[in-house]
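Below: the structure, in structure tokens.
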Amino acid sequence: MSESSPHVRASDADRERVAERLREHFTQGRLDDDELAERMEAAYRARTRGELAVLTEDLPGRDLADLPGLVAGALPRTRESALPAVLGPWLLGGGVNTLLLAVATTFLVALGADAVWYAAAVALWGAVMGLVALWVRRTRQG
């Protein structure tokens with residue numbers, strides 16, 4: 001029988017290694033008090049390595065918080081935006097306002113309508129975009 005077989009009898013050192021891993025996962029918040037107690041009891045009762053492996057199979061082998069360099073290197077690099085995030089809604093609003101201006105100007109000229117309605121629409125849209133920009137700024141700041 002090979003050493004890696006789940007049917008190999010577990011030693012006291014094997015049980016203690018699993019118990020230590022369970023304690024670490026408990027301190028990192030992955031296990032609550034009841035789960036820790038239940039798994040610790042099962043670890044010390046385990047007769048084979050397979051019984052020990054079951055106790056930690058749903059827990060990560062390494063804590064990524066302990067490996068910031070590895071995690072940072074694994075993430076794709078993002079290009080920093082030249083424009084602040086708050087400008088996005090304003091640019092969108094500017095484009096929509098330009099479209100509204102073109103449509104309203106067409107109606108003003110074609111129908112001889114009053115320019116007050118257009119000014120009210122632009123003012124309302126500007127107020128909405130101002131509120132959106134403030135909301136975006138607050139959510140990005142935390």
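Is it the case, given these coordinates, that Asp34 is within 18 Å of Gly61 (Cα to Cα) and in a helix (DSSP H, G or I)?
Working: within 18 Å of Gly61 (Cα to Cα): no; in a helix (DSSP H, G or I): yes.
Against the criterion (within 18 Å of Gly61 (Cα to Cα) and in a helix (DSSP H, G or I)), Asp34 does not qualify.
Does Leu36 qualify as being of a type outside the set (D, E, K, R), at pLDDT 80 or above, farther than 25 Å from Leu131 by Cβ and not assigned by TED's automatic domain parsing to the domain that holds Trp125? Don't jump to the end; show me each part of the working.
Values: of a type outside the set (D, E, K, R): yes; at pLDDT 80 or above: yes; farther than 25 Å from Leu131 by Cβ: yes; not assigned by TED's automatic domain parsing to the domain that holds Trp125: yes.
So Leu36 passes the test.
The values are calculated or read from the model by the stated rules, or taken from the named source; none is laboratory data. In this text, all values refer to a predicted model and were calculated from it rather than measured experimentally. Positions of Cβ are backbone-derived with ideal geometry, glycine not excepted, and every protein chain shown enters the neighbour counts.
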